[in-house]
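Following: one structure in structure tokens, then a few remarks.
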There are 2 protein chains.
Amino acid sequence: MSPSSLDELIDALRGLPGVGPKSAQRMAYHLLQRDQRGAERLARALGNALAVLCHCERCNTFTETEICQRCASPQRDASLLCVVEMPADLAVIEQTHAYNGLYYVLMGRLSPLDGIGPRELKLDKLLARVADNTVQEVILATNFTNEGEATAHIVAELLAARGVKVSRLSRGVPVGGELEHTDTGTIAQALVERRPL
Amino acid sequence: MSPSSLDELIDALRGLPGVGPKSAQRMAYHLLQRDQRGAERLARALGNALAVLCHCERCNTFTETEICQRCASPQRDASLLCVVEMPADLAVIEQTHAYNGLYYVLMGRLSPLDGIGPRELKLDKLLARVADNTVQEVILATNFTNEGEATAHIVAELLAARGVKVSRLSRGVPVGGELEHTDTGTIAQALVERRPL
């Protein structure tokens, strides 16, 4: 007996990642009862984002222009291309101030369970990007999760077949980390991948 | 350097209850990258809900008509009025099939920390509703949390001052519950509020 426009809103909110039926209900009540301006703002922001956002032709991240500001910048080292999963990963690498090359954002990772294979990830676009001969090295910076590792593996194979130099972020004990509090898997990796001094 | 329409969407999503900056970012990426139809649907559902939903003049729940279906039904016992916090509570009571009276939905609870006092809860509307002389008994079914109890207390006082008969859902050991696995607070209440057989 609940009104259909309320049910429809709750259903639409359930489509958000990590939102179950109870949270969707709570969100709908909150928006309608306590924050109608927030609801209007969200509806407007959704419409606007859908209308103006597209993918950068070069790095594939979200942008409002054909080519994003970063890719268009002459300040960046175009010989380095760092491949990340999501814009959030790009942001974290930028925060390090340790990298001045360009990026390619996959906008996802291989995840067969979610039906995301090499085709859905549009790896062709990455291969076309690398084919411009200015890129000298591709640094794979996907996550060190199973899915991120699998993604790095496939991308590395595809690039190696085209004769591109490929590297991967190093794995090991975190900076400031104590061995006692580091998981054994990480320590095992740090042993296997030990560096000569 | 992230586009402003994306930032604005992430910001608007952060306004949802229980959504922090990381989840808001994840939701925005998901909607834009994997579920643009879901995003359109959510924007539409928000706009539609804001446009057509209002509060029932009698029970205060969300409805698309002036008086909701339940309040308009001649099948319900108009002498009983059950006061609940939210429409979700009403739905749970309906599911029991143990109640055939009418409801009043507070659309919240007293919560001084969130700035919700008796005025924000619009208790006047409840008092006006009860003043129609068909209501013989008001059953308080707010939650048994601190805020719900405080709400019940205030509402009971206001109604008692107007000579209305007020009752509260009973507290005690859940049906099917084992004493060994029931918290001591509940058992203490069940002792104090023991029923003669």
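The values are calculated or read from the model by the stated rules, or taken from the named source; none is laboratory data. Note that the structure is a prediction, hence the values are computed from the model and not measured. Methodologically, a virtual Cβ is constructed for each residue, glycine included, from the backbone with ideal geometry; neighbour enumeration extends over all protein chains shown. Heavy atoms of the whole protein, side chains included, go into the accessibility calculation; ligands, DNA and RNA do not. Shrake-Rupley method; radii C 1.70, N 1.55, O 1.52, S 1.80 Å.
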Notebook entry, point to check: Can you name every residue in the range B:161-184 that is farther than 19 Å from residue B:148 by Cα and in contact with a Leu (Cβ under 8 Å, 6 or more places away or on another chain)?
Noted result: B:162
Notebook entry, point to check: Can you name every residue in the range B:106-145 that is open to solvent by less than 70 Å² (accessible area, probe 1.4 Å) and in contact with a Gly (Cβ under 8 Å, 6 or more places away or on another chain)?
Noted result: B:110, B:116, B:121, B:139, B:142
Checklist line | Selection status of residue A:159, open to solvent by 90 Å² or more (accessible area, probe 1.4 Å) and without any contact (Cβ under 8 Å) to a residue 40 or more places away in the chain | finding: no
Next item on the list: Select, from B:185, B:148, B:101, B:176, the only residue that is more than 22 Å from residue A:30 (Cβ to Cβ) and surrounded by 14 or more Cβ atoms within 10 Å (Cβ to Cβ).
Entry: B:101
Margin query: Checking the conditions here, which among B:68, B:54, B:59, B:82 is farther than 18 Å from residue B:151 by Cα and open to solvent by less than 30 Å² (accessible area, probe 1.4 Å)?
Written below: B:68
